[in-house]
Amino acid sequence: MSKFPENFLWGGATSAAQIEGGRCLDGKGLCHLDYVYFRGPKTPCNFMLKKDYEKAKAEEAILNFPNRRGIDFFHHYKEDIALLAEMGFRSFRMSVSWTRLFPTGLEETPDPEGVQFYHNVFKELHKYGIEPLVTMIHYELPIIFVEKYDGWVSPEVIPHCYRYLKFLIDEYKDEVKYWLTFNEINMVTAVPWLGGGIILDRHGEFEMPKDFRPFGPLPPEMADRWENASHQALHHQFIASAMIVKYAHETAPQCLIGNMFNLHHLYPETPSPEDALRAHQETEFNMFFCDVMAGGSYPKWILSYYRKNNINIKWYDGYEEILTNGKVDFISLSYYLSSIVTADPKRQERIGSFIRTLHNPYLETSDFGWQIDPTALRISLNELRDRFHLPIYIVENGIGAFEEPDSEGKIHDDYRIAYLRSHINCIADAIQDGVDVIGYTPWGCIDLVSCSLVSMSKRYGFVYVDADDFGNGTYDRSRKDSFYWYKKVIASNGEDLD
Ligand code: BG6
């Protein structure tokens with residue numbers, strides 16, 4: 001008998017900014033990610049400084065903006081959904097683009113063609129019995145909020161955002177049951193541009209410190225520089241999220257709304273109490289985002305952390321009640337890797353695009369240096385069960401790799417099969433441990449633009465897309481070996497992983 005429940009939501013995940021393309025078509029406006037330009041297939045572009053932003057605007061005609069092209073899902077969605085259906089998907093995670101519906105973000109009413117586009121996509125999914133799982137905001141902020149305000153640091157964004165979120169529920173509540181509010185909400189504190197549209201050196205002169213380590217609390221001397229701004233932005237996102245959860249509970253009880261955070265499992269380097277304390281503190285920091293969204297209030301320790309580090313949040317009027325009344329229905333998470341912390345964070349190396357860790361000799365790494373650790377997922381799932389007692393949807397997981405078709409046009413991605421197999425096994429074990437995992441949607445089920453690298457070179461898909469970093473290629477889709485493997489996995493409800 002399968003270890004997975006009968007109605008387990010097998011599927012895959014994407015986001016609008018990374019797949020849709022069709023920027024400026026049918027009145028579509030631009031969001032902050034459309035201003036991130038390509039700098040090389042291994043060069044992370046997660047942070048935005050004033051000079052980069054000015055350059056992006058001044059040289060708009062000559063710079064390369066892969067997010068504006070995506071994989072042209074806008075025109076290929078029927079073909080793409082047919083491929084997902086062929087694999088037997090029961091769930092498809094996608095996001096709605098705020099600026100396709102409200103091109104500048106300031107309109108009172110949405111663009112009818114944008115509205116229709118998503119009706120068409122949902123209809124196509126339902127045709128095959130695929131349940132849409134929709135992220136309301138997957139790292140997309142209409143550019144005007146960067147220009148005119150200070151991204152999510154400004155409370156002015158909240159009413160505009162709420163109008164957009166409310167519209168989503170009113171318009172699509174009968175087509176979409178599962179919703180997520182903000183993608184990886186913790187990223188606003190780790191990568192403030194990506195998560196919050198915050199240009200760092202607007203908050204005083206800024207140089208990336210050598211020992212910079214985005215995950216976990218920042219050293220106190222940095223707090224004044226941008227931790228203040230990013231936690232203020234986070235506060236506003238918590239408010240917008242809780243407001244829409246409350247609204248959906250009142251007006252669309254058939255909908256279930258989850259949070260979404262990047263699960264970051266940490267081990268202490270040694271059994272020394274100092275290392276253990278550091279690992280504990282950073283784990284608490286990782287869980288804090290769920291504490292607020294699922295528990296409905298700020299934990300005491302973070303308030304004293306704010307005080308100690310001179311982080312002065314301007315609390316939104318009535319915020320305590322808003323948070324208590326806007327608790328999510330389920331927890332969702334992305335999980336890619338684990339890392340090792342020490343009491344001396346300066347020793348931690350940067351690996352991959354933005355993670356700092358020590359090397360773990362027991363683990364293998366991906367092409368991009370991410371340490372592959374399915375067991376850590378099982379451990380964390382158990383911890384989440386004990387802490388929140390809510391269903392858990394694993395809405396991102398996977399391995400990014402450089403891939404080129406062989407002479408017969410095939411991609412033999414056995415490393416992806418191995419990665420996913422080991423994680424699915426650990427999810428099955430977690431379910432046996434009593435964790436209520438309701439679904440699994442590996443990231444980038446169809447190749448898409450990498451978020452940290454704004455590059456097509458880092459691929460996650462079961463489906464290959466013939467497009468390169470410069471928009472060359474046919475954009476034809478083809479099946480990788482993992483496509484056929486995942487199809488078997490779904491058909492056997494997770495039993496046949498060979
Ligand atoms: C998550 C994001 O952080 O990781 C996705 O929600 C992203 O948008 C994914 O694409 C993988 O990261 P990357 O940088 O490899 O694309």
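The values are calculated or read from the model by the stated rules, or taken from the named source; none is laboratory data. Since we're looking at a predicted model, the values are computed, not measured. All Cβ positions, even for glycine, are placed from backbone atoms using ideal geometry, and neighbour counts span all protein chains on display. Please note that ligands, DNA and RNA were not included when accessible areas were found on the heavy atoms of the full protein model with its side chains. Shrake-Rupley method; radii C 1.70, N 1.55, O 1.52, S 1.80 Å.
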Given the pairs Lys78/Lys127; Lys127/Lys487; Lys123/Lys177; Lys246/Lys300, which span a C-alpha to C-alpha distance of over 20 angstrom in this model? Lys246/Lys300
Which log10 I(q)/I(0) values does region 384-484 give at q = 0.24 Å⁻¹ under the Debye formula, counting every alpha carbon as one identical point scatterer? -1.24
If one computes the Cα centroid of region 431-498 and of region 71-133, what distance in Å separates the two points? 18
Using 19 Å as the cut-off for backbone N distance, which residues of region 378-405 belong to the label zone defined by a point 7 Å from the Cα of Asn7 along Cα→Cβ? 390-395
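Quick one: pull the percent of accessible area on the chain belonging to carbon and sulfur, 1.4 Å probe, ligands and nucleic acids left out.
It is 52 percent, rounded to a whole number.
For region 9-491, with only Lys/Arg (+1) and Asp/Glu (-1) charged at the beta-carbon, what is the dipole magnitude about the Cα centre, in debye rounded to 20?
On the way: 49 positive and 67 negative charges, 53 e Å.
Rounded to the nearest 20 debye, it is 260 debye.
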First obtain the Kirkwood hydrodynamic radius of region 9-491 from its Cα pairs, then insert it into the Stokes-Einstein equation at 20 °C and 1.002 mPa s, and state the resulting D in µm² per second as a whole number. 95
So between Asp481 and Lys177, what do we pick up on full extension, going 0.36 nm a residue minus the alpha carbon distance? 106.3 nm
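Would you mind calculating the gained length between Leu277 and Glu156 on full extension (0.36 nm times residue separation, minus the Cα-Cα distance), in nm to one decimal?
Details: separation 121, 0.36 × 121 = 43.56 nm, distance 3.84 nm.
Difference between extended and current length: 39.7 nm.
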For the chain, what does the accessible surface come to per residue with a 1.4 Å probe? Please give it in Å². 37
Please identify which residues in region 259-301 have an amide N closer than 12 Å to a label point set 7 Å out from the Cα of Ile313, following the Cα→Cβ vector. 288-293, 296-301
Report the one residue of Asn46, Gly11, Ser297 whose Cα lies farthest in the direction of the positive end of the charge dipole of region 9-491 (charges on C-beta: Lys and Arg +1, Asp and Glu -1; origin at the Cα centre). Ser297
Where labels lie 7 Å past Cα in the beta-carbon direction, separation of His249 and His75 in nm: 4.5
Choose one of Trp152, Gly88, Gly114: the residue whose Cα lies farthest towards the positive end of the charge dipole of the chain (beta-carbon charges +1 Lys, Arg; -1 Asp, Glu; about the Cα centre). Trp152
Using only the alpha-carbon atoms of region 224-333, report the extent along each of the three principal axes, biggest first, to the nearest angstrom. 51, 29, 20
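Quick one: compute the contact order of the chain, relative version, from alpha carbon pairs under 8 angstrom and 6+ residues apart, as a percent. It would help to have the intermediate numbers written out before the result.
Numbers: 1007 pairs, mean separation 97.0, N = 498.
Rounded, it is 19 percent for the chain.
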Per-residue accessible area for Leu49 at 1.4 Å probe radius, Å² rounded to 10? 30
Non-local residues with an amide H under 5 Å from the amide H of Tyr393, with H modelled 1.01 Å from N and Pro and chain starts lacking one, are Ile331, Ser332, Leu333, Ile438
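With charges only on Cβ, +1 for K and R and -1 for D and E, what is the dipole size of region 390-487 about its Cα centre, in debye, rounded to 20?
Working: 9 positive and 16 negative charges, 37 e Å.
My answer is approximately 180 debye.
Which FRET efficiency value, to the nearest 0.05, do you get for Asn64 and Glu108 by plugging their Cβ-Cβ distance into 1/(1 + (r/R0)^6) with R0 = 45 Å? Before the final figure, lay out each step's value.
Numbers: r = 35 Å, r/R0 = 0.77.
Approximately 0.85, to the nearest 0.05.
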Residues Asn120 and Asp406, FRET efficiency given R0 of 41 Å [Cβ-Cβ distance, rounded to 0.05]: 0.70
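Restricting to the chain, compute how many DSSP beta bridges are antiparallel as a %, nearest 5.
Details: 9 of 43 bridges.
About 20 percent, rounded to the nearest 5.
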What is the packing order of peptides 26-33, 466-473, taking the mean over residues of other C-beta atoms within 10 Å and listing the highest first? 26-33, 466-473
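Suppose we look only past 23 Å in the calculated P(r) of region 46-162. What percent of the Cα-Cα pairs does that tail hold? Display every interim value, and only then the final one.
Numbers: 2941 of 6786 pairs.
It works out to 43 percent of all Cα pairs.
Given a Förster distance of 30 angstrom, what is the FRET efficiency for Thr375 paired with Lys42, based on the Cβ-Cβ distance and rounded to 0.05?
Details: r = 28 Å, r/R0 = 0.94.
Once rounded, the FRET efficiency stands at 0.60.
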